[in-house]
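Below: one structure, written as structure tokens.
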């Protein structure tokens, strides 16, 4: 396996929404290069979080890379507002592009529309979805995201069986010599971050392990050191 640059991406879902800009700037000062914002619509996942207005407000207060994870139905309807709000990366779910949703949307079309908006494009898969559905899309993507919990809520327990999907995608990306980040999200902690990094993840999203710690800055630095 080639030498990989790995980084921890704090998740704003576990930060204080009353002091979101403060927490984001605090973690950026600690060395974080990006922050993930989880967008949930109450349909694709059983929870509701934030919309473009929050992203826009945060963009005015920070220069950090905004990694926006859209856990929503009908992503084509919303990628424009989120791009305009200041997102640097928009990650949609492969499953949200299927006919099971309210509107069938071809994954490749969604990816290309995101990139037309001038932001990076990511595609995520839920735990029950096989890694090979992403193979035809890898050369178009900036990020692929393997969910290591069922999306919808923070603080869930890491699913170790998801590591095999990470390994499969790592091999596929490397064999094709692609510059695609491999991200994992869910249950990342001091106990699981090393496992995900060893499997080939380059971007590890951690929420409660950072913002739920007594000292978020030290927690972030400890995790970053662990995966490096």
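The values are calculated or read from the model by the stated rules, or taken from the named source; none is laboratory data. All values reported here derive from a predicted model rather than from experimental measurement. Quick reminder, even Gly has a Cβ in these numbers, built from the backbone with ideal geometry, and neighbours come from all protein chains shown.
At-a-glance table
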read-out: Total residues in segment 113-128, condition under 26 Å from residue 167 (Cα atoms) and surrounded by fewer than 17 Cβ atoms within 10 Å (Cβ to Cβ); value: 2
read-out: Failed criterion for residue 178 (all others in (1) touching a residue at least 40 places away in the same chain (Cβ under 8 Å); (2) assigned to a helix (DSSP H, G or I); (3) surrounded by fewer than 24 Cβ atoms within 10 Å (Cβ to Cβ) hold); value: (2)
read-out: Members of segment 142-158 that are touching a helix residue (DSSP H, G or I) at 6+ places or on another chain (Cβ under 9 Å), at pLDDT 90 or above and within 19 Å of residue 37 (Cβ to Cβ); value: 142, 144, 146, 147, 148, 149
read-out: Enumeration of residues in segment 1-36 that are in contact with a strand residue (DSSP E or B) (Cβ under 7 Å, 6 or more places away or on another chain), within 18 Å of residue 60 (Cα to Cα) and part of a helix (DSSP H, G or I); value: 12, 24, 27
read-out: Segment 53-105, residues that are at pLDDT below 95, part of a loop (DSSP other than H, G, I, E, B), over 17 Å from the mean Cα position of the chain (by Cα) and over 19 Å from residue 120 (Cβ atoms); value: 74, 98, 99, 100, 101, 102, 103, 104
read-out: Only one of 185, 215 that is surrounded by fewer than 19 Cβ atoms within 10 Å (Cβ to Cβ), under 29 Å from residue 26 (Cβ atoms) and modelled with pLDDT of 95 or more; value: 215
read-out: The lone exception for residue 220 - which of (1) in contact with a strand residue (DSSP E or B) (Cβ under 7 Å, 6 or more places away or on another chain); (2) more than 14 Å from residue 11 (Cα to Cα) it fails; value: (2)
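Residue-by-condition table, conditions (1) without any contact (Cβ under 8 Å) to a residue 12 or more places away in the chain; (2) in a loop (DSSP other than H, G, I, E, B); (3) out of contact with any strand residue (DSSP E or B) (no Cβ under 9 Å at 6 or more places or on another chain); (4) within 23 Å of residue 197 (Cβ to Cβ):
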| site | (1), (2), (3), (4) |
| --- | --- |
| 108 | no, no, yes, no |
| 113 | no, no, no, no |
| 123 | no, no, no, yes |
| 129 | no, yes, no, yes |
| 134 | no, no, no, yes |
| 138 | no, no, no, yes |
| 150 | no, yes, yes, yes |
| 162 | no, no, no, yes |
